[in-house]
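Scroll down for the structure; my scribbles are underneath it.
Read-outs throughout are calculated quantities, based only on the coordinates presented, and are distinct from any laboratory measurement. The model shown is predicted, which means the values in this text are computed figures rather than measured ones. A quick note on method: Cβ atoms are made from the backbone with ideal geometry, for glycine too, and the neighbour counts reach across all protein chains shown.
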Ligand code: SF4
């Protein structure tokens, strides 16, 4: 039966593999699945996952869940050791290929929306998933919400080309529904690798879905916003050993701000916190 690694176990395995790599051990062998004790390394979703997250993301359907190969965890990612973020992102994109790893590949996507922007960006924005416009154009945040995000970036004194923008899932969920947990868990390792390749100084999670997936904590937006989180991309390793992760802030998703413009002031406070950290002076006339 197809199974998925528990995220905590996946992280633990990745850490152990990293440790072996540091010792110079690169070759690993595995037992056949039949020989593996059922409780040893492959687990069903842990009952310790946050209940709110479980409610938001319906339970995984085993029939639709992709099978995860433990050996993938034990194999270094192709971009490992590549210092140039342009080359590293290219390798990650090639590794993603014409991805069919989760069920979103067969639910009407036109194309994979990998991410866009400066591979050496100091600031990275992460949303939840592509919408119709993004699916058509192959670029994240290009619709109305994208226009607002552009204005937010401009208000910070930056240009869209200076930052990097990506999503937790790279294929459009049908009807713009919230991506399901198994979809996020399957796709987000590629996002983690993108983050490790780009090594941003700061990240902004756009909306609760992105924040909860990145941080693996459950709280309302009112609690998630207004503070920094130390963030290290789980299971991904930067080629730069001096890079110990980034800081992550949470703000409202631009699509939410379009529905409730009264919250723009709150979002601006979040962005000001990011600007202060990055040492960015706001332009004389900030965008709304
Ligand atoms: S959402 Fe991600 S994991 Fe799922 S098919 Fe698309 S690229 Fe693959």
Worksheet item: By counting other Cβ atoms within 10 Å of each Cβ, how are 252, 229 ranked from fewest to most?
Response: 229, 252
Practice prompt. Jot down the per residue volume, in cubic angstrom and as a whole number, of the convex hull over the alpha-carbon atoms of region 155-260.
Written response: 128 Å³
Response to the item:
Contour minus Cα-Cα span, residue 176 to residue 260, at 0.36 nm per residue, comes to 28.4 nm
Worksheet item: Given R₀ = 41 Å, FRET efficiency for residue 132-residue 242 by Cβ-Cβ distance, to 0.05?
Response: 0.50
Practice prompt. Mind giving me the nanometre distance, one decimal, between the label points for residue 215 and residue 230, set 7 Å out from Cα along Cα→Cβ?
Written response: 1.6 nm
